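Input: a single structure, listed below in structure tokens.
The values are calculated or read from the model by the stated rules, or taken from the named source; none is laboratory data. What you see is a predicted model; the values in this text were computed from it and never measured. Positions of Cβ are backbone-derived with ideal geometry, glycine not excepted, and every protein chain shown enters the neighbour counts. Heads up: the accessible areas ignore ligands, DNA and RNA and are worked out on the full protein's heavy atoms, side chains in. Shrake-Rupley method; radii C 1.70, N 1.55, O 1.52, S 1.80 Å.
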Amino acid sequence: SRSDDFTVAMETVTAWAWGPLSFLTFLAFLRHHPARYVLQLIVSLGQLYGDVLYFATEARAGWTHSDPRPLYFWGYFVGLNGVWVLVPGLLLLDACHQLATAQR
């Protein structure tokens, strides 16, 4: 089905692009490399894009793949998956701040 193709395509990008780029970002931070905040911005933006696609796809499907009970929906689906929005969002803001400071 089309949704399975979407999932396979997204996870392929995650495995072949975001995974190695995340590792490169980690190494850049350890070594205080000048490109570390650029890499942080790219990886964080990519993660947020994937999160938006994940939530939007589920919303368009009518939340059919999530448990409708409030504790599970809000605690598990929204709460735990929200971490994958919150952390990259904060890292994206940090990267923007660091890059803007460097431009001053």
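Of all residues in the stretch 43-85, exactly one satisfies the criterion of being over 26 Å from Asp4 (Cα atoms) and among the hydrophobic types (A, V, I, L, M, F, W, C), namely Leu71.
Inclusion of Leu48 among residues that are part of a helix (DSSP H, G or I), surrounded by 12 or more Cβ atoms within 10 Å (Cβ to Cβ) and of a type outside the set (Val, Ile, Thr) is warranted. Scanning the stretch 9-20 for residues that are open to solvent by less than 50 Å² (accessible area, probe 1.4 Å) and over 30 Å from Trp74 (Cβ atoms) gives a single hit, Ala17.
One line per residue, one yes/no per condition, for (1) aliphatic (A, V, I, L, M); (2) more than 19 Å from the chain's Cα centre (by Cα):
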residue	(1), (2)
Ala61	yes, yes
Ser66	no, yes
Leu80	yes, no
Val87	yes, no
Gln98	no, yes
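Checking the structure you have, find out if any residue of the stretch 62-73 is closer than 21 Å to Ala17 by Cβ and assigned to a helix (DSSP H, G or I). For the stretch 62-73, residues closer than 21 Å to Ala17 by Cβ and assigned to a helix (DSSP H, G or I): absent.
Residues are listed down the side, and each one gets a yes or a no for (1) acidic (Asp, Glu); (2) assigned by the TED database to the domain that holds Ala9; (3) more than 28 Å from Ala95 (Cα to Cα):
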{"residue": "Leu41", "(1), (2), (3)": "no, no, no"}
{"residue": "Ser44", "(1), (2), (3)": "no, no, no"}
{"residue": "Gly50", "(1), (2), (3)": "no, no, no"}
{"residue": "Phe55", "(1), (2), (3)": "no, no, no"}
{"residue": "Thr64", "(1), (2), (3)": "no, no, yes"}
{"residue": "Asp67", "(1), (2), (3)": "yes, no, yes"}
{"residue": "Leu71", "(1), (2), (3)": "no, no, yes"}
{"residue": "Val78", "(1), (2), (3)": "no, no, no"}
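For every residue, the table says whether it meets (1) open to solvent by 100 Å² or more (accessible area, probe 1.4 Å); (2) among the aromatic types (Phe, Trp, Tyr); (3) free of Cβ contacts under 8 Å to residues at least 12 places away in the same chain.
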{"site": "Thr7", "(1), (2), (3)": "no, no, yes"}
{"site": "Phe29", "(1), (2), (3)": "no, yes, yes"}
{"site": "His33", "(1), (2), (3)": "no, no, yes"}
{"site": "Leu39", "(1), (2), (3)": "no, no, no"}
{"site": "Thr57", "(1), (2), (3)": "no, no, no"}
{"site": "Val83", "(1), (2), (3)": "no, no, yes"}
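Considering (1) open to solvent by 40 Å² or more (accessible area, probe 1.4 Å); (2) at pLDDT below 95; (3) among the hydroxyl-bearing types (Ser, Thr, Tyr), the lone condition that Thr101 does not fulfil carries the number (2). The selection criterion, being open to solvent by 50 Å² or more (accessible area, probe 1.4 Å) and either closer than 16 Å to Gly19 by Cβ or not in a helix (DSSP H, G or I) (or both), does not hold for Pro88.
Of the residues screened, Asp94 is not one that is closer than 27 Å to Asp5 by Cβ, charged (D, E, K, R) and part of a helix (DSSP H, G or I).
Looking at Thr25, Thr64, just one residue is polar (S, T, N, Q) and open to solvent by 40 Å² or more (accessible area, probe 1.4 Å), and that residue is Thr64.
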